[in-house]
1. For the stretch 3-19, name all the residues that are out of contact with any Ser or Thr (no Cβ under 6 Å at 6 or more places or on another chain) and either among the aliphatic types (A, V, I, L, M) or assigned to a strand (DSSP E or B) (or both).
2. Among the listed residues ARG66, ARG19, ARG55, ARG32, identify the single one that is open to solvent by 60 Å² or more (accessible area, probe 1.4 Å) and free of Cβ contacts under 8 Å to residues at least 40 places away in the same chain.
3. Any residue at all in the stretch 69-80 that's modelled with pLDDT of 95 or more and loosely packed, with under 12 Cβ neighbours inside 10 Å?
4. Scan the stretch 26-74 for residues that are over 16 Å from GLU6 (Cα atoms), part of a strand (DSSP E or B) and of a type in the set (Gly, Ala, Ser) and report the count.
5. Are any residues in the stretch 99-113 in contact with a strand residue (DSSP E or B) (Cβ under 6 Å, 6 or more places away or on another chain) and either touching a residue at least 12 places away in the same chain (Cβ under 8 Å) or surrounded by 15 or more Cβ atoms within 10 Å (Cβ to Cβ) (or both), and if so, which ones?
Amino acid sequence: QVQLVESGGGLVQPGGSLRLSCAASESIFGFRTMSWHRQAPGKERELVAGITIGRSANYADPVKGRFTISRDNGKNTVYLQMNSLRPEDTAVYYCNAERASARKYWGKGTLVTVSS
């Protein structure tokens, strides 16, 4: 069973930065896409950013220009660099890995709180 472990969440002031990490228990070459999603209280889970095995990235409109997704294949880790954080970015952030077969795996999430 694939395990995805997120880390790097925490409390940050508006305008601050955080870097989230998602460490996979196996080579991420086995996944067509790695992505970050988030779920705020009372809201549905939404896609934040995704990156393909070819390093093509896509972002949700609210985070474009502020967040950057990257992958380190040697460390089996995907990162989400979050800059210029806003209170509306407060959510639990989840890592997702999707195989070419469309099978998906989820981490347990890491909480990001943006507040003064």
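The values are calculated or read from the model by the stated rules, or taken from the named source; none is laboratory data. Because the structure is predicted, anything quoted here is derived from the model rather than measured. We place every Cβ from the backbone using ideal geometry, glycine too, and count neighbours over all the protein chains shown. These accessible areas exclude ligands, DNA and RNA; they are computed on the full protein's heavy atoms, side chains included. Shrake-Rupley method; radii C 1.70, N 1.55, O 1.52, S 1.80 Å.
1. Of everything in the stretch 3-19, those that are out of contact with any Ser or Thr (no Cβ under 6 Å at 6 or more places or on another chain) and either among the aliphatic types (A, V, I, L, M) or assigned to a strand (DSSP E or B) (or both) turn out to be LEU4, VAL5, GLY10, VAL12, LEU18, ARG19.
2. Going through ARG66, ARG19, ARG55, ARG32 in turn, just one is open to solvent by 60 Å² or more (accessible area, probe 1.4 Å) and free of Cβ contacts under 8 Å to residues at least 40 places away in the same chain: ARG55.
3. There is no residue in the stretch 69-80 that is modelled with pLDDT of 95 or more and loosely packed, with under 12 Cβ neighbours inside 10 Å.
4. The total comes to 1.
5. Selection gives TYR105, TRP106, GLY107, GLY109, THR110, LEU111, VAL112, THR113.
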